Structure formats: C-alpha cells, structure tokens
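Step one of this worksheet: look at the structure below.
Just so it is clear, none of the values below were taken in a lab; they were calculated from the coordinates. Note that this is a predicted model, so its numbers are computed, not measured. In this analysis, Cβ positions are derived from the backbone assuming ideal geometry, glycine residues included, and neighbour counts consider all displayed protein chains.
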Amino acid sequence: MLLVALFLALAAVGAGLTYYVTSQKDTTESVNPQSYLLSSYISLSFTDRSGGEHDGWLLLGLRGAPAIILCHGYNSNRSDLLSLGSILRDNHYNVYIFNFEGPKAKENRSDLGSRQASDLMSAIDTVTKQPDVNPNRVGLFGASVGGYAALVAAEQTPKVKALVVDTTYSTPEQMFDWQIERLLGGSSGLFHALTEAEFHLASMGSQAYTMPADLPKLASVPKLFISGRDDAVLAGMTEGLYNQAPQPKQLLVMEHAGSGLTSETEKKEYENQVLNFFLRSLSLRAD
C-alpha cells in the first residue's frame, strides 16, 4: 500500500512538472517594429494545420528577394528576434518573425518541436505566396525549439536554401528530459521514466518526425550550427547534430548562445555571424 501511495505521489509530481515544462511561454513582447523605426513592414498572420492563427511581422526588403523566417526558442517570443530581423532586413532580405503560441492558437501547450515544425511549414507556405517575396527560396533561423522546427522543415521542403540553428536537439524527448533535469538538479531513473511517459501522453496526436535520420536530405543546403558553452548539454546535442549533418556545414562555438548573450559586443558579433552566413549562402537575386 505504501508503494502504491509513493507511486501515485511521484506520478502527481511528475504530471505537475510535465505541465510546467510544456506550458512555459513568454507572451510579453518588449519591442515591436516601431521600436526599431521600421516603417516598411506588414502584419501577416497564418493558420496552422489545426486551424489556429499565429501572428507575425513581415519586414519588407528588396522586391523579389528571398524571405528569412526567424523562429524563436523555448519560453520566448517573436520580439526577441527583432534586432536580428532588422539587421537582415537592412541588408535587403524580406524577414518574417512569428509566434508559435498566442491567443488565437488552438494548442495551449508545446510538444517541444513537432507541432512547431508543422506550424513553420504553414508559415513558409504563407510567406512564399506574398507578392514581393521570392516563392522558391527561403532561409530559416531557429533557436532551441525553433531550431528543431527549422531542421525538420528544411528536410520537408526544397524551398529552404540556407539554414541556421542555435543550440538545438535531435528529439523533443531530449529537450523535455533536459528541462526536467534543470528543474530538479537531477532525478532518479524511475522518476525520469515516469515523467517521460507523461510527456508522451501529453504529446499524443503530434506528428512524429525522424529528423536525425533525414539529415542527408540537407546535402545541398548550407547549414550553420551555433553552440554556446554556457549550456553544455544543449551544446553537446547541437554539436552531435553538426557531426551527423552532411556538407556544406559550419560550426560556430561561442561563449553564449543567442538566449544567453550578456553584452552588446557579444550580441553584435552573434548577429554579424548570422548575417554574414546568409549573405554568403542565400543570394538576394531572384531566380
């Protein structure tokens, strides 16, 4: 009886932690395009495959230029990428920044990657139908959850011609396990197995992707993997993906990943590295 009570108590704690990890979101947008004095932009929303609506900003660059779609990370939102977006737009790219979560999105909890990948593919379809955007050439940038989504989407569509991922992972389970470890500072094998089972139950209905196995599909796509020493676990996952990925590819190791940049100097270096990669890999000229 005591063992049953202990198991039920662990299950209840695990369910609470699973809910916490999968429901974390930052909806406070600290800046908007006007903050960067951007006048050439439009509000552009898209509908995902479940019928939910996602808000986005399309920063308008050179007519007929490709769009670079920026995907925010875990517990983040589109405003955190406006600085990078404004620099890319200043260099004549069209730039689309959107929210994975929002008041009009039907899904209130994240499955840490699969649903976001599906949302991103819907965003690509919407953006490439805009009259001033090249319909056949897209660049993707994604951090953590957004990085997973960007890798999956790049494997799914030939429209993606250049890809940047910042501190990402191979499977949503890896991200979930790491978040649980961070919350608890370690856990027993039983509790780990229990929370992972609860995560699978919470993620039922999500489309399964075999992202690591499909990496060979990116053999013709230039790829930049960014790894931050400030998060050794995610850095190891990112560098593992880099090692598995086919050429052309590049690994950039920094003291801090994008979410942990601590100074304007670091931020400028980071954004310049991303910009220079896209300038080399994603021509502005129309097909």
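Only one of the values (i) 15.0; (ii) 18.5; (iii) 20.0 was calculated from this structure for mean projected area of the Cα convex hull in nm²; name its label.
(i)
Measure nothing but the geometry: give the 0 to 90° angle between the long axis through the Cα atoms of 189-202 and the longest principal axis through the Cα atoms of the chain, rounded to 10°.
Helix 189-202 sits at roughly 60 degrees to that axis.
For Cα pairs less than 8 Å apart in space and 6+ apart in sequence, what is the mean separation divided by the residue count of the chain, i.e. the relative contact order in percent?
18
How far apart, in nanometres, would the label points at Gln34 and Glu266 be if each is projected 7 angstrom from Cα along the Cα-to-Cβ direction?
So the label points at Gln34 and Glu266 sit 3.2 nm apart.
How would Leu88, Leu284 line up from fewest to most surrounding beta-carbon atoms within 10 angstrom?
Final ranking by Cβ density, sparse to dense: Leu284, Leu88.
How would Phe98, Phe141 line up from fewest to most surrounding beta-carbon atoms within 10 angstrom?
Lowest count first: Phe98, Phe141.
By how many nm would the segment from Ile42 to Gln130 grow when fully extended, if each residue of separation counts as 0.36 nm and the alpha-carbon distance is taken off?
Taking 0.36 nm per residue and subtracting the Cα distance, the gain is 30.6 nm.
Arrange the following residues from fewest to most other Cβ atoms within 10 Å of their Cβ: His72, His92.
Fewest-to-most Cβ neighbours within 10 Å comes out as His92, His72.
Quick one: length gained pulling His92 to Arg285 fully straight, 0.36 nm per residue minus the C-alpha distance?
Using 0.36 nm per residue and subtracting the Cα-Cα distance, I get 68.4 nm.
Counting alpha carbon pairs within less than 8 Å and at least 6 residues apart, what relative contact order, in whole percent, applies to the range 99-152?
38
Determine the gain in length on full extension of the stretch Ala15-Glu181; use 0.36 nm per residue of separation and subtract their C-alpha separation, reporting nm with one decimal.
That pair, Ala15 and Glu181, stretches by 58.3 nm at full extension.
Report, in listed order, any pair from Lys129/Lys217; Lys129/Lys268; Lys129/Lys223 with a Cα-Cα distance greater than 30 Å.
Among Lys129/Lys217; Lys129/Lys268; Lys129/Lys223, the Cα-Cα distance tops 30 Å for Lys129/Lys268.
To the nearest 500 deg cm²/dmol, what mean residue ellipticity at 222 nm is calculated for the chain from DSSP H runs of n ≥ 4 alone, each contributing -39,500 (n - 2.57), summed and divided by the residues?
One gets -13000 deg cm²/dmol as the mean residue ellipticity at 222 nm.
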